[in-house]
Amino acid sequence: KLAVFCDAFVERGVFTRDQGAAVLRAGTAIGMIPRLHADELSDTDGAALAASVGAASADHLMHSSERGIAALSESETVANLLPATSFCFMSRLSEYSLPSANCRAAEQKRGRIKWAKQSGARKRSIAG
């Protein structure tokens, strides 16, 4: 097997939510496991999309809505929060709409949130 995972990046200027869903569903149809990178720069409803397609993980999520966080907390999808990538884009931390209380509530309910630091193309979990 050449690949195990099918990844999509749903964000302004990349894939729309519908395009990302189509990519992930096409991958699933041929036996690949979906993973989603979304909501890093804006809320694209990516967290909810990841939960709805049964993604193994949803990465970034710095601007996920309360609805998206709630959807993730009810799913088996692991939320990988990658705050260091936002520094690469010079994002302002004060602009993040990810409510820390909702994040903690989801983590307590499911224990499926991972904080990670990213270095180049490699990710390494540093807490969880």
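The values are calculated or read from the model by the stated rules, or taken from the named source; none is laboratory data. None of these values were measured; they are calculated from a predicted model. The accessibility values were calculated without ligands, DNA or RNA, using every heavy atom of the protein model including side chains. Shrake-Rupley method; radii C 1.70, N 1.55, O 1.52, S 1.80 Å.
Quick one: order D39, D45, D7 from most to least accessible surface, probe 1.4 Å.
Details: D39 0, D45 35, D7 60 Å².
If we order D39, D45, D7 from most to least accessible, we get D7, D45, D39.
Segment 1-82: percent of C-alpha pairs farther apart than 16 Å?
Cα-Cα pairs of segment 1-82 separated by over 16 Å account for 41 percent.
Multiply the residue gap between S42 and D18 by 0.36 nm, knock off their C-alpha separation, and tell me the result in nm, one decimal place.
Gain on extension, S42 to D18, equals 7.1 nm.
Subtract the Cα-Cα distance of I30 and F5 from 0.36 nm times their separation in residues, and report this length gain in nm to one decimal.
Roughly 7.9 nm would be gained on extension.
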